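Take this structure, written in structure tokens, and hold onto it; I'll ask about it next.
The numbers here are math on the coordinates, done by the rules we state, and not lab data. Worth saying up front: this structure is predicted, and the values here are computed from it rather than measured. Because the Cβ atoms are built from the backbone with ideal geometry, glycine has one as well, and the counts that use them run over all protein chains shown.
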Amino acid sequence: MTHSKPLMLAAALALMAVAAAAPPAAIAQDTPAPTEAAKPGDPGATPMSDQAVFEAFHGKAGIQRIAEAAIDRSVADPRIAEVFKGIDIAKLKTHLAQQLCYVLGGGCAYTGRDMASSHKDLGVNMAEMNALVENLQWAMDKEGVPFRAQNKLLAKLAPMKKDVVTR
């Protein structure tokens, strides 16, 4: 399946949302209200109001599977594996799932850092971002998310590109 390049390019930012203080936890259960020690972060976009898109991702469990598959594939991808060296992968999976769930209107709290501060020292370039987006799309395809729903998510993530690509 061929995907729209302009929308694809910005989605990778979610894959690299490096975690701050929250412990790894699946989003399949309800995300508890943030405490003083774990205040919600800025997920970089407002939530969608179309529940049909959230449902197209198979709810929180589907989003969790997508986040895990996309990160696992990216960590093993020789084009971008270096980007993930020294990163807490479990925390990254948690924050990506939280971010996607939040943006898709699933009612999750995002506890990671904002996109600009979490990416400022990573030196991500467009080729790396493209590889990340390919891996995210592969994970969404694997989960059976319809192309139209994928593009709605990617359109919400697209404006964050400026905070992710730093070289």
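Give me PHE54, PHE147, PHE84 ranked fewest to most by other Cβ atoms within 10 Å of their Cβ, as a rough exposure proxy. Present the calculation step by step, with values, prior to reporting the outcome.
Details: PHE54 24, PHE147 14, PHE84 19.
The most exposed by this proxy come first: PHE147, PHE84, PHE54.
Fewest Cβ neighbours within 10 Å first, please rank SER74, SER117, SER49 accordingly.
Numbers: SER74 26, SER117 14, SER49 8.
Fewest to most other Cβ atoms nearby, the residues stand as SER49, SER117, SER74.
Now for a separate question. Which value does Rg/Rh take for region 71-161 over its C-alpha atoms, Rh per Kirkwood? Show your work: numbers first, answer last.
Numbers: Rg = 13.1 Å, Rh = 14.0 Å.
Result for region 71-161 is an Rg/Rh of 0.93.
Please work out how much length the chain gains when fully extended from GLU82 to HIS58, using 0.36 nm per residue of separation minus the C-alpha to C-alpha distance, in nm with one decimal. List each step's numbers first, then the result.
Values: separation 24, 0.36 × 24 = 8.64 nm, distance 3.10 nm.
Taking GLU82 through HIS58 to full extension adds about 5.5 nm, to one decimal.
When the dipole is taken about the Cα centre of region 50-157, and only Lys, Arg (+1) and Asp, Glu (-1) are charged at their Cβ, what size is it in debye, to the nearest 20?
Values: 13 positive and 13 negative charges, 30 e Å.
The dipole of region 50-157 has a size of about 140 debye.
Then there is this: Quick one: order THR46, THR111 by neighbouring beta-carbon count within 10 Å, fewest to most.
Values: THR46 10, THR111 25.
Taking fewest neighbouring Cβ atoms as first place, the list is THR46, THR111.
Of the trypsin sites (Lys or Arg not before Pro) in region 95-165, which ones lie in a loop per DSSP and count no more than 10 other C-beta atoms within 10 Å? It would help to have the intermediate numbers written out before the result.
Numbers: sites: ARG113, LYS120, LYS142, ARG148, LYS152, LYS156, LYS161, LYS162; in loops: ARG113, LYS120.
Of the trypsin sites (Lys or Arg not before Pro), not one in the loops of region 95-165 has a Cβ with at most 10 other Cβ atoms within 10 Å.
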